[in-house]
Amino acid sequence: MATIEAVRGDITTQRVDAIVNAASTALLGGGGVDGAIHRAAGPRLLAECRELRRTRLPDGLPTGQAVATGGHGLPARWVIHTVGPDRRAGQDDPALLASAFRTSLGVAAEVGARTVALPAISAGIFGWGREEVARAAAETVHEHTPETLLLVRFVLFSEELLASFRDALDLD
Ligand code: AR6
């Protein structure tokens, strides 16, 4: 059974095996946590993403799916990129959001990570509410955390998000 944590902080400084990126289908960087991760990881991360697009993912990464790259300049060894649903574009199915959390944990376990940090996928630019995201995240970790993971840490950027996650996860 993995330990589940929720903390306030910056995901780019986490000393865990893998961090999850709330990316876009294009997989070529952007704003929010995606921009922060690319800045901290350095240009080799973008080069690896471009190579993925050229080879395995010519049409980009579908919503709800996940793919791993190296962590490059980050403390984490891997970045697991996923794409949450974009509410602004009418993607309002919670199953897609749950899928983004679930496939991220699955890919993290596949590459051999034992400790993983995740952001509040879709809670920023993609426009989902704090509570909806916290609920999808909590349901997913409780039901679908791979056995080999020892630590799942949600890293939240605001006190409000932290409170929503603590609530949904039943943490003190
Ligand atoms: N550490 C932890 N959380 C962060 C950090 C950080 N360094 N920076 C921002 N957040 P968002 P999305 C929080 O917008 O909604 C990009 O352009 C942020 O406060 O990063 O899934 C991609 O390329 C919010 O709570 O991701 C996509 O096009 C949460 O991370 C699009 O944005 C997620 O917000 C994805 O939008």
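Within segment 75-111, which residues are open to solvent by 10 Å² or more (accessible area, probe 1.4 Å) and within 12 Å of the ligand (Cβ to nearest atom)?
If we filter segment 75-111 for residues that are open to solvent by 10 Å² or more (accessible area, probe 1.4 Å), which is where we start, we get 75, 77-78, 86-96, 98-99, 102-103, 106-107, 109-111.
D86, R87, R88, A89, Q91, L96 - these are the residues of segment 75-111 that are open to solvent by 10 Å² or more (accessible area, probe 1.4 Å) and within 12 Å of the ligand (Cβ to nearest atom).
Here Q65 meets each of (1) more than 11 Å from the chain's Cα centre (by Cα); (2) more than 16 Å from R153 (Cα to Cα); (3) open to solvent by 20 Å² or more (accessible area, probe 1.4 Å) with one exception, condition (1).
Looking at A138 and the list (1) closer than 15 Å to G84 by Cβ; (2) open to solvent by less than 30 Å² (accessible area, probe 1.4 Å); (3) in a helix (DSSP H, G or I), which single condition is not satisfied? Of the numbered conditions (1) closer than 15 Å to G84 by Cβ; (2) open to solvent by less than 30 Å² (accessible area, probe 1.4 Å); (3) in a helix (DSSP H, G or I), the odd one out for A138 is (1).
Kindly indicate whether T115 is without any contact (Cβ under 8 Å) to a residue 60 or more places away in the chain, closer than 17 Å to I19 by Cβ and either more than 16 Å from the ligand (Cβ to nearest atom) or not charged (D, E, K, R) (or both). It is false that T115 is without any contact (Cβ under 8 Å) to a residue 60 or more places away in the chain, closer than 17 Å to I19 by Cβ and either more than 16 Å from the ligand (Cβ to nearest atom) or not charged (D, E, K, R) (or both). Exactly one residue out of V20, V33 is among the β-branched types (V, I, T) and either open to solvent by less than 40 Å² (accessible area, probe 1.4 Å) or without any contact (Cβ under 8 Å) to a residue 24 or more places away in the chain (or both), and it is V20.
The values are calculated or read from the model by the stated rules, or taken from the named source; none is laboratory data. In this text the structure is predicted, and so the values were computed from the model without any measurement. Ideal geometry is used to build each Cβ from the backbone, glycine not excepted, and the neighbour counts take in all protein chains shown. Note: areas computed on protein heavy atoms with side chains; ligands, DNA, RNA excluded. Shrake-Rupley method; radii C 1.70, N 1.55, O 1.52, S 1.80 Å.
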